[in-house]
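Notes to accompany the following structure.
The values are calculated or read from the model by the stated rules, or taken from the named source; none is laboratory data. This structure is a prediction, so every number in the text was calculated from the model and none was measured. Please note: Cβ atoms are built from the backbone with ideal geometry, for glycine as well, and neighbour counts cover all protein chains shown.
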Amino acid sequence: MEPKNIENIELQFLSLDDYQELKSAMIMAYKNMPDSYWQEHQIEALIEKFSEGQVVIKINGQLAGCALSIIVDYNTLEGSHTYKEVTQSYTFDSHTDDGDVLYGIDVFIKPEFRGLRLGRRLYDYRKELCEKLNLKGIAFGGRIPNYHNYAATLSPKEYIEKVKRKEINDSVLNFQISNDFHPTKVMKGYLEGDAASNEFAVLMKWDNIYYEKPNKKATTKKKIVRLGLIQWQMRPYKDLEELLQQAEFFIDAVAGYRSDFALFPEFFNAPLMAKDNHLSTPDAIRKLAKHTELIVQKFSEFSISYNINIISGSMPEIRDGKLYNVGYLCKRDGTVERYEKLHVTPDEAKVWGMQGGNSLKTFDTDCGKIGVLICYDSEFPELSRLLADEGMDILFVPFLTDTQNGYSRVRNCSQARAIENECYVAIAGSVGNLPKVHNMDIQFAQSMVFTPCDFSFPTNGIKAEATPNTEMILIADVDIDLLRELNQFGAVKNIRDRRKDLFELRKK
């Protein structure tokens, strides 16, 4: 399925009502083993014993993939075992709530939905569940369906080593390794009837680094969010397609580092105005606004196919005859939300006739609540404080500044927002020049990620910074739980210590 045809992606708990669709999907996914699908009473037993471990991905309401798992005692896996043994003759009576390892029973994606990184979503769910339940890790017997082509000349161990060294391509094993699983042992006679693997399997394991032994005091599990900032080079593009190719290149790059967010700068699509430079400046930017809808559509497709939340920076948009500076949050679940620049600069109003927007809100994402303020809006502290009151953890500021003093206003104000609101702030701008675009001729930027200033954070409040005026990406991890600790135990508590007996801040 093409990303452009996807309206919604949902991760749901498996229901017995899904069985007939699940059965058809299993038959399609395992064409080489047509009789290997689970019976309805077996699925019913799994759901009854461990409902949280059974999840499906649905696209546009259609089942696209599934992951099934149980909890077992890892001591039972120390020696070699078979699939039949670990499932206790396929009854799943081996499941125990007192176990310490999440054991993967099955995971598959229907053929027509492959290439959308859905398998990664299922694996990520398992990891989050493992952390939530405070289990030691995840284990499963991984098939090596390409092994039969090498069985005459290579032992299973030699085959695995060659796959790890990229001398042999095994898409299944490579996928598991790329998702942070490591092989621990080869098991002979693991899955009866698996001729493609010569009935061999590899015991794959993922270790939960947040695991705490039960006798230790329970602690809040940390949430690590990876930010990908795109410091965009302004350069001529012959058309929209070429600009989108460059945008996709950067999205691919930050997604390759497993970033949860990709942040583009304000007016990153300005180079497309070059062909309209013969027009008046207000007419040229209104022509640019005609591209916004298609860019948002493509960004939404990219967010799905690259499994990343994209903050589109900003673009001009005409609504009811008025020109606005807006951006879109394209989430990896297929949904799209809009944000507006509330304070346009004097130059935007004078030169382009741009209007300020009227909507200010936080956005719920799979990484918590975020906010977006476009450039000049970051210089008005009331806005970010209102967002902080709604629970914002990360503030994104796409900006465009031509001079270093203009950049300094955005930079210093954004850093202040991080301190006063006890949140992370990520800013991303454009660099270079556009000699054939009026009012957009030069740019100055240094993208950064700011933190509060306290003992758990960098002493200067800067988590990461890009090289000034150089096209590049900036990757940074931020720990959301550190914000919770700061709010409760920080040396200062900017949010909690406000004198609400003297003043209040609210939206009209």
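Some notes on this structure:
- When each of Ser51, Ser69, Ser89 is tested for being surrounded by fewer than 18 Cβ atoms within 10 Å (Cβ to Cβ) and touching a residue at least 12 places away in the same chain (Cβ under 8 Å), the lone residue that passes is Ser51.
- Residue in the range 98-113 that is without any contact (Cβ under 8 Å) to a residue 12 or more places away in the chain and over 24 Å from Met187 (Cα atoms) present: no
- Boolean, Asn494 is in contact (Cβ under 8 Å) with a residue 60 or more places away in the chain, assigned to a loop (DSSP other than H, G, I, E, B) and surrounded by 13 or more Cβ atoms within 10 Å (Cβ to Cβ): yes
- Test for Ala247: is it assigned by TED's automatic domain parsing to the domain that holds Ser69, closer than 30 Å to Met1 by Cα and either surrounded by 20 or more Cβ atoms within 10 Å (Cβ to Cβ) or small (Gly, Ala, Ser) (or both): no
- Within the range 331-353, considering residues that are more than 29 Å from the chain's Cα centre (by Cα) and under 17 Å from Asn269 (Cα atoms), the one surrounded by the most Cβ atoms within 10 Å (Cβ to Cβ): Glu348
- When the range 454-491 is filtered for residues that are assigned to a helix (DSSP H, G or I) and among the aromatic types (Phe, Trp, Tyr), only Phe489 remains.
- Neighbours by Cβ (under 8 Å, 6+ apart or cross-chain): first from the range 358-377, in the same structural domain as Ile311 (by TED's automatic domain parsing); second among the polar types (S, T, N, Q) and part of a helix (DSSP H, G or I): Gly371/Ser384; Leu373/Ser384
- Counted as qualifying within the range 179-294 are the strands (runs of 3 or more DSSP E) with 2 or more residues that are out of contact with any Phe, Trp or Tyr (no Cβ under 8 Å at 6 or more places or on another chain), namely 182-188, 200-207, 224-234.
- Top-ranked residue in the range 4-25 [being touching a residue at least 60 places away in the same chain (Cβ under 8 Å) and buried (at least 18 other Cβ atoms within 10 Å of the Cβ); ranked as nearest to Lys110 (Cα to Cα)]: Ala25
- Residue ID - surrounded by the most Cβ atoms within 10 Å (Cβ to Cβ), chosen from residues in the range 165-208 that are touching a strand residue (DSSP E or B) at 6+ places or on another chain (Cβ under 8 Å) and of a type in the set (D, E, K, R): Asp194
- Pairs, first within 12 Å of Trp352 (Cβ to Cβ) in the range 279-291, second among the charged types (D, E, K, R) and not in a helix (DSSP H, G or I), C-beta under 7 Å, six or more apart: Ala289/Glu317
- Residues of the range 42-101 classified as in contact with a helix residue (DSSP H, G or I) (Cβ under 7 Å, 6 or more places away or on another chain), farther than 22 Å from Leu135 by Cβ and part of a helix (DSSP H, G or I), total: 2
- Taking the range 303-330 as the range and being under 16 Å from the mean Cα position of the chain (by Cα) and either surrounded by fewer than 23 Cβ atoms within 10 Å (Cβ to Cβ) or assigned to a strand (DSSP E or B) (or both) as the test, the residues that pass are Ser305, Tyr306, Asn307, Asn309, Ile310, Ile311, Tyr328, Leu329, Cys330.
- Unique match (being closer than 26 Å to Gln12 by Cβ, touching a strand residue (DSSP E or B) at 6+ places or on another chain (Cβ under 7 Å) and not polar (S, T, N, Q)) among Asp93, Asp124, Asp97: Asp97
- Test: residue in the range 170-178 that is out of contact with any helix residue (DSSP H, G or I) (no Cβ under 9 Å at 6 or more places or on another chain) and either over 20 Å from Gly119 (Cβ atoms) or assigned to a loop (DSSP other than H, G, I, E, B) (or both): no
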